[in-house]
Amino acid sequence: MATARPLALTLTREVLEAGVELVPIPAAHITRHADGWAFEAFNRAYRLTGLGIVPHRSPMIESLRDRLDLFMAGTETSTGFDWSLGDAIDCRHYRVGVARLSALSKRRCTVTFVDVTQQLNIERSLRREMTTDSLTGLPNREGFGDLIEAATGAYAVLVINLDRFGQLNTALGSLAGDELLITVARRIKGALRARDSLARIGGDEFGVLVAIDDEPGEALALAERIHRTLRAPFRLTDYEIGVEGSIGIAPGEAAVEGEELIRHAQFANKRAKASGRTETYQDQAFTIARARFAMETELRCAIEERRLRLTFQPICDLATGRIMSVESLARWTDRQGRDHSPDQFIPVAEESGLIVPLGRWAIDEAARTLRDWDERAGGNGCGVRVAVNLSPIQLQRDRIASVLETALATTGLSGERFTLELTESAVIGDPDGVTGAMHALRDLGATLALDDFGTGYSNLAYLHKLPIDVLKIDRSFVAAMLDDRDKVAIVRAMVGLAQALGMQTTAEGVETAELARMLAALGCTYGQGWFYGRPLEADAAWALIASATAASASSSTLG
């Protein structure tokens, strides 16, 4: 009996060693004693890991002692966690599993190790590739977002966009463009402090994460330093060129995610392009921009579903008061019943390109309304023309003559029933291109009017060459005529110029009978304003036209 106890221990250790050797990954049975942990058994795979088999010199036991103690003091039968051993250069990463040898054991457990070093290295390598710009070696947009998310303390984000890079890339070629981007990145990097980070977040767009130590003005100071850096000529392989950049700044906010902060800085950068100076993000401006984008989305649907409408304002002969034509004006009430002013949605349409389908709809709708009035009047029709406004962007991007020709063919109207109104800015921006479109419209029989005359910078050398029939005198001159002799002189000069060029004139903003008489005395042809009628819905406009026609017929009969 004296030898039975040691024999039982020996057999137990042998069983343990035999069992652990069957485990295909590094594994060890360890026991906790009063003076620490000791090995009972381990397999060959564990021995080869270099984790140590002598308890007081084992890196594994020394590093995991507290975790093992905590586990054994608890009630769990098993646990697992990630663990790393070694320095940054030769670090090994493991997934460690710990399990009691029996459910009630408080001192014996098995520890297993799955080496995940290669897997983590591959994941990190892929992550670096995904977050690094291949051309410059800088973080890309995703990597820049990670840097922002990890930032602590006060900071700001700068977005730098190169001016004219697209033109330079086209003119010099993609290789020279790449060389320029690399050189720009080096220049900007040289202007930064050691604690600032640079990234390439777009084709010709760079982002800077700025650490703010003392004052918010540090970001502006850095932006100015970058501007100075970019002003010096860039010497490429065969060229020396100048590059300017616009810079937008977004102050860091703990509640704002990295991607959102980048968008804030990009929005400020867009304002910087327009103003020519460094701009800082303002929340109110961004809110307005978002509202404009939402309006663009709603307007697109409204145009596609033809949920806009036209109102019509009379244009009368100043000598007789007879309604000669009506100007069509777009109106929009959204699904929620909110009315949107043309001053709000027309700029959005022009900026987004929606002005092209909107302009097509306006011509088509005006033609359909005019045909409907003709059918109501019977005989020779309603006897008025309809005027439609043309946007400069619409003139540049669309074939207006074809659009009008299609509307005329669909409704059976003649071109003489249409007046197309365009602004001075449309003519000045592209006089040669606009002239061709104007002649095509004239060939269809349409009348052409130059709107808001006198408010722009008309080139008289072009004015007499353009096929313009009517000059519309802006209301800013007309409304003040009764109180300002200078305005009277200006209007008289405009009327004289129009007559010399063989054109008629329409005065806008006619609000009183006295003003109408004065304009008629000056030789102005037509008048438009509240004195003759406000913009009316189609049915109300027709009622006004019909009433005026009936009154004129009655007067002729009595005469």
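The values are calculated or read from the model by the stated rules, or taken from the named source; none is laboratory data. All of these numbers come straight from a predicted model, not from anything done at the bench. Using ideal geometry, Cβ is built from the backbone for each residue, glycine included, and neighbour counts are taken over all protein chains shown. For accessibility, only protein heavy atoms count, side chains too; no ligands or nucleic acids. Shrake-Rupley method; radii C 1.70, N 1.55, O 1.52, S 1.80 Å.
Below are the figures for this structure:
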| item | result |
| --- | --- |
| Pairs, first over 19 Å from residue 153 (Cβ atoms) in the range 216-227, second part of a helix (DSSP H, G or I), C-beta under 6 Å, six or more apart | 225/191; 226/188; 226/191 |
| Meets criteria (in contact with a helix residue (DSSP H, G or I) (Cβ under 8 Å, 6 or more places away or on another chain) and farther than 26 Å from residue 256 by Cα) for residue 183 | no |
| Any hit, the range 296-313, residues being at negative phi and under 14 Å from the mean Cα position of the chain (by Cα) | yes |
| Residue in the range 472-481 that is more than 25 Å from residue 436 (Cα to Cα), out of contact with any strand residue (DSSP E or B) (no Cβ under 8 Å at 6 or more places or on another chain), hydrophobic (A, V, I, L, M, F, W, C) and open to solvent by 60 Å² or more (accessible area, probe 1.4 Å) present | yes |
| Residue count for the range 515-528, restricted to those that are hydrophobic (A, V, I, L, M, F, W, C) and either part of a strand (DSSP E or B) or touching a residue at least 40 places away in the same chain (Cβ under 8 Å) (or both) | 4 |
| Lone qualifier among 437, 367, 387, 426 - being modelled with pLDDT of 95 or more, in a helix (DSSP H, G or I) and not acidic (Asp, Glu) | 367 |
| The range 483-514, subset in contact with a Phe, Trp or Tyr (Cβ under 7 Å, 6 or more places away or on another chain) and assigned to a helix (DSSP H, G or I), residue nearest to residue 453 (Cα to Cα) | 494 |
| Of the criteria (1) modelled with pLDDT of 90 or more; (2) out of contact with any Lys or Arg (no Cβ under 8 Å at 6 or more places or on another chain), which one residue 116 fails | (2) |
| Matching entry among 272, 291, 250 (being among the aliphatic types (A, V, I, L, M), touching a Ser or Thr at 6+ places or on another chain (Cβ under 8 Å) and part of a helix (DSSP H, G or I)) | 272 |
| The range 222-247, residues that are at pLDDT below 90, open to solvent by 30 Å² or more (accessible area, probe 1.4 Å), closer than 16 Å to residue 189 by Cα and not in a loop (DSSP other than H, G, I, E, B) | 231 |
| Given (1) over 30 Å from residue 486 (Cβ atoms); (2) open to solvent by less than 30 Å² (accessible area, probe 1.4 Å); (3) assigned to a helix (DSSP H, G or I); (4) touching a helix residue (DSSP H, G or I) at 6+ places or on another chain (Cβ under 6 Å), index of the condition residue 382 fails | (3) |
| The one condition in (1) outside any loop (DSSP other than H, G, I, E, B); (2) of a type in the set (Gly, Ala, Ser); (3) in contact (Cβ under 8 Å) with a residue 12 or more places away in the chain that residue 402 fails to fulfil | (3) |
| Residue list for the range 178-196, filter: under 20 Å from residue 146 (Cβ atoms) and crowded, with 20+ Cβ neighbours inside 10 Å | 188 |
| Single condition residue 363 does not satisfy, out of (1) farther than 25 Å from residue 349 by Cβ; (2) open to solvent by less than 30 Å² (accessible area, probe 1.4 Å) | (1) |
| Any hit, the range 408-418, residues being open to solvent by 50 Å² or more (accessible area, probe 1.4 Å), assigned to a helix (DSSP H, G or I), closer than 20 Å to residue 380 by Cα and charged (D, E, K, R) | yes |
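Conditions (1) farther than 18 Å from residue 101 by Cα; (2) modelled with pLDDT under 90; (3) touching a helix residue (DSSP H, G or I) at 6+ places or on another chain (Cβ under 8 Å); (4) of a type in the set (Gly, Ala, Ser), marked per residue:
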position: 6; (1), (2), (3), (4): yes, yes, no, no
position: 10; (1), (2), (3), (4): no, yes, no, no
position: 38; (1), (2), (3), (4): no, no, yes, yes
position: 45; (1), (2), (3), (4): yes, no, no, yes
position: 55; (1), (2), (3), (4): yes, yes, yes, no
position: 58; (1), (2), (3), (4): yes, no, no, yes
position: 63; (1), (2), (3), (4): yes, no, no, yes
position: 66; (1), (2), (3), (4): yes, no, no, no
position: 79; (1), (2), (3), (4): no, no, yes, no
